[in-house]
Ligand SMILES: C[S@@+](CC[C@H](N)C(=O)[O-])C[C@H]1O[C@@H](n2cnc3c(N)ncnc32)[C@H](O)[C@@H]1O
């Protein structure tokens, strides 16, 4: 696990100039954008909470949304994947994408990129990495690889078949996205231990999905890891996110009914949103929340 790192609070002086994002500024697999309306609605019941801690921050979209709604609350965002660095490098990423557009100006859209085109693109990436020391592989993946496929480094990129799916417009700068939010990076258990005794704190708990593709996350989650997370729900105020694919609710119900175990979701409110992958496959995203009196 990574070392405890306090990245810092992104200062905000003028609340009125903060833009309200309805999706993360850069691609992020698993961001909760489809749940934002339900999340905002449910947040209305947490008006007096002094602090929100996003244990599995991902793209920071939930932390951003809370800060927008409650600017005076303390909001901590656990940026396990260094998403804030991707945001800070948007200009650099746009410059690289602009180079791709020039290289591919005569290449057919949505089609496989020729060997020569791929070599030129790889050269541009290598050069950028050498010059600036930073390449946002996740973002450029979404302009070069087939739908939802991501790589995290140059060697993996070089192995891929590339497609001309380069985004037409540059990404908008997003310097205001994390304003006022405290950015930290550590294992969620460490973060939870740090804040669990604070009265009124609300934990946002959106762990990596079980049995979905987690290639862009920093590590891989097994069932035991997934079950461990339930411990942070004991006696706390929380928002917990899962999907019907994980069967976690069925499992906790069964344990309660048949083994008399404690169910961390008892008394929680449940909301569901249908997610469609293609026209004959889908799943249900689930949000459960509970406020301790
Ligand atoms: C489902 S995503 C969260 C998505 C986020 N709610 C959003 O809207 O973008 C889960 C996140 O947990 C991170 N993660 C994985 N292991 C972790 C750990 N041990 N502690 C904290 N975060 C972890 C992953 O890297 C990933 O960013």
Quiz item: How many residues are more than 20 Å from residue 83 (Cβ to Cβ) and surrounded by 15 or more Cβ atoms within 10 Å (Cβ to Cβ) if we restrict to the stretch 161-188?
Solution: 5
Quiz item: Which of the following residues is within 14 Å of the ligand (Cβ to nearest atom), crowded, with 23+ Cβ neighbours inside 10 Å and more than 22 Å from residue 201 (Cβ to Cβ): 87, 22?
Solution: 87
Quiz item: Regarding residue 244, is this residue surrounded by 15 or more Cβ atoms within 10 Å (Cβ to Cβ) and either more than 24 Å from residue 42 (Cα to Cα) or free of Cβ contacts under 8 Å to residues at least 12 places away in the same chain (or both)?
Solution: no
Quiz item: Which residue, of 35, 39, is closer than 27 Å to residue 231 by Cβ, within 11 Å of the ligand (Cβ to nearest atom) and touching a helix residue (DSSP H, G or I) at 6+ places or on another chain (Cβ under 7 Å)?
Solution: 39
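The rows are residues; the columns are (1) in contact with a strand residue (DSSP E or B) (Cβ under 6 Å, 6 or more places away or on another chain); (2) closer than 19 Å to residue 55 by Cβ; (3) modelled with pLDDT under 90.
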position	(1), (2), (3)
215	no, no, yes
231	no, yes, no
244	yes, no, yes
272	yes, no, no
Practice problem: Sort out which residues of the stretch 114-127 are in contact with a helix residue (DSSP H, G or I) (Cβ under 8 Å, 6 or more places away or on another chain) and within 12 Å of residue 157 (Cβ to Cβ), and write them in order of number. | Solution: 121, 122, 124, 125, 126
Exercise. Sort through 188, 209 and tell me the only one that's closer than 14 Å to residue 58 by Cβ, within 16 Å of the ligand (Cβ to nearest atom), out of contact with any helix residue (DSSP H, G or I) (no Cβ under 8 Å at 6 or more places or on another chain) and touching a residue at least 24 places away in the same chain (Cβ under 8 Å).
Key: 209
Exercise. Please list, ordered by first then second residue, the pairs with beta carbon atoms under 6 Å, 6 or more apart or interchain, first in the stretch 58-82 and more than 15 Å from residue 30 (Cβ to Cβ) and free of Cβ contacts under 8 Å to residues at least 40 places away in the same chain, second near the ligand (Cβ under 10 Å from one of its atoms) and assigned to a strand (DSSP E or B).
Key: none
Quiz item: Residues in the stretch 76-91 that are closer than 21 Å to residue 160 by Cβ and in a helix (DSSP H, G or I): how many?
Solution: 1
Quiz item: What's the number of the condition residue 180 fails, among (1) out of contact with any helix residue (DSSP H, G or I) (no Cβ under 9 Å at 6 or more places or on another chain); (2) assigned to a loop (DSSP other than H, G, I, E, B); (3) under 30 Å from residue 232 (Cβ atoms)?
Solution: (1)
Practice problem: Select from the stretch 48-64 the residues that are out of contact with any strand residue (DSSP E or B) (no Cβ under 7 Å at 6 or more places or on another chain) and outside any loop (DSSP other than H, G, I, E, B) and write down the one among them that is nearest to the ligand (Cβ to nearest atom). | Solution: 61
Quiz prompt | Positions within the stretch 143-157 being surrounded by 19 or more Cβ atoms within 10 Å (Cβ to Cβ) and either part of a helix (DSSP H, G or I) or out of contact with any helix residue (DSSP H, G or I) (no Cβ under 9 Å at 6 or more places or on another chain) (or both), in sequence order | solution = 143, 144, 157
Quiz item: Being over 21 Å from the mean Cα position of the chain (by Cα), assigned to a helix (DSSP H, G or I) and touching a residue at least 60 places away in the same chain (Cβ under 8 Å), is that true of even one residue in the stretch 99-112?
Solution: yes
Exercise. Could you identify the single residue in 95, 124, 42 that is closer than 26 Å to residue 286 by Cα, in a helix (DSSP H, G or I) and at pLDDT 95 or above?
Key: 42
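The values are calculated or read from the model by the stated rules, or taken from the named source; none is laboratory data. What you see is a predicted model, and the numbers here were worked out from it, not measured in a lab. Neighbour counts are summed over all protein chains in view; Cβ atoms, including those assigned to glycine, are modelled from backbone coordinates with ideal geometry.
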